[in-house]
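The values are calculated or read from the model by the stated rules, or taken from the named source; none is laboratory data. Quick caveat: nothing in here was measured; it's all calculated off a predicted structure. Virtual Cβ from ideal backbone geometry, glycine too; neighbours counted across all protein chains shown. Each accessible area value is taken on the protein alone, full model and side chains, heavy atoms only, with ligands, DNA and RNA left out. Shrake-Rupley method; radii C 1.70, N 1.55, O 1.52, S 1.80 Å.
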Amino acid sequence: MKLLAFGQTGQVARELAALGVETLGRAEADLTDPLKCAALIAASDADAVINAAAYTAVDKAEEDEATAKLVNAEAPAAMAQTCAAKGIPFVHISTDYVFDGSGTDPWLPDAPTGPLGVYGRTKLAGEEGVRAASGTHAILRTAWVFSAHGANFVRTMLRLGAERDRLTIVADQIGGPTPARDIAAACVSIAKTLIHSRDASGTYHFSGAPDVSWADFARVIFEKSGMDCDVEDIPTSAYPTPAKRPANSRLDCSTTEVVFGLPRPDWQAGLDAVLQEIRQS
């Protein structure tokens, strides 16, 4: 069985490569050229395709909606259409940003969407394009991705914690930190299942457990890394950003476990592995 993934330098894409999945980088597959991406799939002998590439600069997207739309909406739609024409499954990674972040209950996969900014809107449009292709697919929404590489909260905290003895961190945004390694493994497992069980197509959630605030996540990072850095809770209003973040990023992942046998990953165990990897590097 051969899997093909779009993305090469991103957090999940790097973990997919570590699992032996063939990955396509920007030089080969520029997502601002959806037709080229579709042509690569058409010429491939892959049994399933995973899209782990996206425009993830949430704040920058507010000023660059055209590019975000190409990468997050038009490219995955073109990929899904080609996969459907070839009769192969398409696994597409999406985000909690498709929701408005209201309330405190975990979001179900079929809950009403309401993105707060350009990033969320373009990712939602990508989901709609994948569904409209009417092929075998899985849209996997995740949140708060971290790993030993790339730009993510864990690496940022390690850098800032080494420079300062006290940080102010947002405490009123709640979600499930998710190790990129677990997302990659989930994508591979889902792709394999879809090859043999095409009626499993649909939208699913996958995020780490337990849910936590950014501030408490930072405290665990410092504790596990042995850093002496105090964390002060602040509200989102005290840390304004160009793009509004959802306050409630909790995802109900029960359907993913029922259909694919994939429970929510323990993010603390994932954090231990990431910190070990960083120490070794």
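Numerical summary
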{"read-out": "Subset of region 221-248 [open to solvent by less than 10 Å² (accessible area, probe 1.4 Å) and assigned to a loop (DSSP other than H, G, I, E, B)]", "value": "A243, P246"}
{"read-out": "Among (1) open to solvent by 50 Å² or more (accessible area, probe 1.4 Å); (2) within 15 Å of the chain's Cα centre (by Cα); (3) more than 28 Å from I169 (Cα to Cα), the one test that R181 misses", "value": "(3)"}
{"read-out": "Every pair of residues 6+ apart whose Cβ atoms lie under 6 Å, when the first sits in region 95-113 and is more than 25 Å from A57 (Cα to Cα) while the second is hydroxyl-bearing (S, T, Y)", "value": "none"}
{"read-out": "Any hit, region 209-220, residues being more than 17 Å from R250 (Cβ to Cβ) and either assigned to a loop (DSSP other than H, G, I, E, B) or open to solvent by less than 10 Å² (accessible area, probe 1.4 Å) (or both)", "value": "yes"}
{"read-out": "Those helices (runs of 4 or more DSSP H) lying entirely in region 74-177 with at least 3 residues buried (at least 23 other Cβ atoms within 10 Å of the Cβ)", "value": "75-86, 118-132"}
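Here is a yes/no grid of residues against (1) modelled with pLDDT under 95; (2) farther than 25 Å from T193 by Cβ; (3) surrounded by 19 or more Cβ atoms within 10 Å (Cβ to Cβ):
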position	(1), (2), (3)
V21	no, no, yes
A27	yes, yes, no
D59	no, yes, no
T67	no, yes, no
